[in-house]
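The values are calculated or read from the model by the stated rules, or taken from the named source; none is laboratory data. Since the model is a prediction, treat every value here as computed from it, not as a measurement. Virtual Cβ from ideal backbone geometry, glycine too; neighbours counted across all protein chains shown.
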Amino acid sequence: MSQRRKFIKQSLLGSALLIPGLSTLEAQATPVKKAAGTKPIILSTWNHGIPANADAWAKLKETGSLLDAVEAGVRNTELDLENLSVGLQGLPDREGITTLDASIMLGDGSCGSVAFVRQVKHPISLARAVMEKTPHVMLAGEGARQFAIAQGFPMEKEKLSPKAQVEYDKWKVTSQYKPIINVENHDTIGMIGLDASGKLAGSCTTSGLAYKMHGRIGDSPIIGAGLFVDDEVGAATATGLGESIIRICGSFLIVELMRQGRSPQAACEEAVRRLVAKNKNIKDIQAGFLAINKDGEVGAYAVHPGFNYAQATESGNVLIDAASHFKA
Ligand code: ASP
């Protein structure tokens, strides 16, 4: 387990937080698997899903807007200085530059995303601006940055966070050209939610793979790969090695499998099965999926053990361990 993961686990276990609108936070894994029929419900990937869900829940209660909620939730993670996989404090590419990817989607098909964007603290809000203020779905690189400036987003200094700098300096000693993939070095936040009226929305934001090639874009900003939402069926999001997820169009695949009648759990399992079949070196690849259908049933599954997610409902905000294709 990475030091960072250990730290988060310890700090969560060491405290009981009160979340507005939620009862006492239970931070340990629980056997609760499904929340069938529970609305509203907000789900997000990894331990950082707990504080993200809390912010999303508070926003949902405040504005009644699920879109506001899924944006506010992952903005929390984008500011989390402990997180080396989301936001400008994330680990850089091999040139030492941090570039961010994010997407947001509503169940009516509205969506927006940004990829390979620099100096923007909240790429999720920029993705929302692409959705709401342009005729496009996706902006990348310098164009995305120019759009951010035009929209009044502040430009942050290009300086690695102290933690990222230490890690990057260590990495430079070997500077392995191929990205180092293991089950620990990716922690994208993907969030999906269902509101009381049965509408769905989702968001996904990441600094991507550590030490990626400059210009590399992962699954997170690609609608259908890192995130897909359809009010007729459900929603899905992904975390893990983006290339493996793009190859099977992971989130879209899960929603389509649910449309054909599979449960969210069965759909996630089939997506992992296909991912395992279509990717070489699978022992070095971690990927996990999280899904919900319009009835509020939840599914989650990963290639390797270790993937977990946070689930917020009226009765609490809990961390749940997902099952995996390969066993410990
Ligand atoms: N999915 C992200 C990407 O490939 C990485 C991650 O989940 O941390 O960019």
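Exactly one residue among ALA115, ALA150, ALA72 is within 16 Å of the ligand (Cβ to nearest atom) and among the hydrophobic types (A, V, I, L, M, F, W, C), and that residue is ALA115. Where helices (runs of 4 or more DSSP H) sit wholly within region 216-306, those with at least 3 residues that are modelled with pLDDT of 95 or more, within 14 Å of the ligand (Cβ to nearest atom) and surrounded by 19 or more Cβ atoms within 10 Å (Cβ to Cβ) occupy 242-247.
Hey, among THR38, THR24, which residue is exposed (fewer than 13 other Cβ atoms within 10 Å of the Cβ) and at pLDDT below 95?
When all the criteria are applied, what remains is THR24.
Quick check, is ILE42 in a helix (DSSP H, G or I) and β-branched (Val, Ile, Thr)? Considered against the rule, which asks whether it is in a helix (DSSP H, G or I) and β-branched (Val, Ile, Thr), ILE42 comes out as no.
Taken together, LYS133, LYS159, LYS199, LYS170 contain a single residue that is among the basic types (Lys, Arg), more than 16 Å from the ligand (Cβ to nearest atom), out of contact with any Gly (no Cβ under 6 Å at 6 or more places or on another chain) and within 28 Å of LYS59 (Cβ to Cβ), which is LYS133.
Does ALA140 count as buried (at least 19 other Cβ atoms within 10 Å of the Cβ) and either within 24 Å of ASP80 (Cβ to Cβ) or touching a residue at least 40 places away in the same chain (Cβ under 8 Å) (or both)? No. Filtered by the rule that a residue be out of contact with any Leu (no Cβ under 6 Å at 6 or more places or on another chain) and in a helix (DSSP H, G or I), region 68-93 gives ASP68, VAL70, GLU71, ALA72, GLY73, VAL74, ARG75, ASN76, THR77, GLU78. Inside region 68-83, can you point out the residues that are crowded, with 23+ Cβ neighbours inside 10 Å and among the aliphatic types (A, V, I, L, M)? Once the filter is applied, which keeps residues that are crowded, with 23+ Cβ neighbours inside 10 Å and among the aliphatic types (A, V, I, L, M), region 68-83 yields ALA69, VAL70, ALA72, VAL74. The set of residues from region 206-215 being at positive phi and modelled with pLDDT of 95 or more comprises GLY208, GLY215.
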